[in-house]
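First up is the structure itself, then whatever we jot down about it.
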Amino acid sequence: MSRTKMLVPGFLGMVLVLGSSARAQEDGFMRHEVAVQGTGFFTKDSQQNGTQEHSTNTGGFLVNYRFHINGWLAAEASYGYDRNTQQDFTPGGNFGIQTNVHQATGALVVNLPVSVHRMRPYVLAGAGALVFDPTGNAGGFVSGAQRQARPAFVYGGGVDYRLVRRVALRLEYRGFVYDRPDFGIAALSSNITTHTAEPSAGLVFHF
C-alpha cells in the first residue's frame, strides 16, 4: 500500500509541476482539455496451481485532464470507475467478490505529428493504481475481504476527431498491467500479474 501512496501523488504532482513550468510558454494554442468517456473493462483470465481467476466484463467511465506543454507533448491525470465481480475457483471452494474498481493514473501523452481530416492521433504511457473495494452486497461478498490497491502500469493510444473548434470526439484504448487482488485472503493469494483492456469513447473539451 505504501508504494501505491507514493505512485499516485507522484504522478499527479508531475502533472502540476510540468504544467506550471510551461505555463508562460507558447500561448498560441489551447493548452487545457477535459475529457469524459464511457469505457469497457475486460480483464484477462488467469490460472495457477489449480486456481482459476476470472473477472466479469463490465463498463464504467473515465474523466481526465491534460495540460499541453507544447504542440506534441502533454501531461495527463485521470480517474476512472468500474464495477465487476472477481471470481476465484480454487481447490478449497469458489469465491465471488463484487468490487468497485477505482483507477487513478498519471501519464505523458505524445501527440503524433499527423493530422488528417480533423483527426489527430496520440500515444500515452504512465503509472498509478487500481483500488479494489468490495461492495459487501449479498451474493458477491466473502467474509474478511478487504479494500486493496495495486500499483499499475498504463499504456495506450487513441485519436481525437475535431467536431468544432473547442470540442472533439475521442476514441481510445488503454491497457493496465498489475497484480491480481487477493483482498487480504490467504486462499486467494496467487501473485499473478494480469492485464485489463479498457476501450472507450467520449468527448473532449479544449480551453
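Using a cut-off of under 18 Å, list every residue of segment 80-104 whose amide N is near the label point 7 Å from the Cα of Asn57 along the Cα-to-beta-carbon line.
Within reach of a label on Asn57: 82-87.
Mean shadow of segment 103-204, computed from the convex hull of its alpha carbons, in nm²? All intermediate terms of the calculation are to be shown ahead of the outcome.
Working: hull surface 33.2 nm².
Taking a quarter of the hull surface, the average projection is 8.3 nm².
If you fit an axis through the alpha-carbon atoms of helix 2-22 and take the longest principal axis of the Cα set of the chain, what angle between them do you get, 0 to 90°, nearest 10?
Tilt relative to the chain: about 10 degrees.
Mind listing the phi-derived Karplus ³J(HN,Hα) values for segment 105-117, rounded to whole Hz, using 6.51, -1.76 and 1.60 with θ = phi - 60°, and x for any glycine or proline?
9, x, 8, 9, 10, 10, 7, 6, x, 9, 9, 10, 6
Where does the chain land on the Kirkwood hydrodynamic radius, alpha-carbon pairs, in angstrom? Each step should come with its number before you reach the end.
Values: mean 1/r = 0.0550 Å⁻¹.
This gives a value of 18.2 Å.
Could you give the length gained by full extension between Val177 and Trp72, i.e. 0.36 nm per residue of separation minus their alpha carbon distance, to one decimal place? Before the final figure, lay out each step's value.
On the way: separation 105, 0.36 × 105 = 37.80 nm, distance 2.57 nm.
Length gained between Val177 and Trp72: 35.2 nm.
Can you work out ³J(HN,Hα) from phi for every residue in segment 153-160, in order, using Karplus 6.51 cos²θ - 1.76 cosθ + 1.60 and θ = phi - 60°, giving whole Hz and x for Gly and Pro?
With coefficients 6.51, -1.76 and 1.60, one gets 9, 10, 9, x, x, x, 9, 9 Hz.
Could you report segment 109-182's accessible area per residue, 1.4 Å probe, as an integer in Å²? If you can, show how the numbers build up before the last one.
Details: 3670 Å² over 74 residues.
Accessible surface, normalised per residue, equals 50 Å².
What does the charge add up to near Gln47, with Lys and Arg as +1, Asp and Glu as -1, over the other residues with Cβ less than 14 Å from its Cβ?
Numbers: positive: Lys44, Arg180; negative: Asp45, Glu53, Asp88.
Net local charge, Gln47 excluded: -1.
At 7 Å along Cα-to-Cβ for each site, give me the label-to-label distance between Val110 and His32 in nm.
Placing both labels 7 Å along Cα→Cβ, they lie 2.8 nm apart.
Can you give me the long-range amide H partners of Ile69? Hydrogens built in the peptide plane at 1.01 Å from N, cutoff under 5 Å, separation of 5 or more residues or another chain.
Result for Ile69 returns Ala74, Ala75.
The values are calculated or read from the model by the stated rules, or taken from the named source; none is laboratory data. This is a predicted model, so every value here is computed, not measured. Using ideal geometry, Cβ is built from the backbone for each residue, glycine included, and neighbour counts are taken over all protein chains shown. The accessibility values were calculated without ligands, DNA or RNA, using every heavy atom of the protein model including side chains. Shrake-Rupley method; radii C 1.70, N 1.55, O 1.52, S 1.80 Å.
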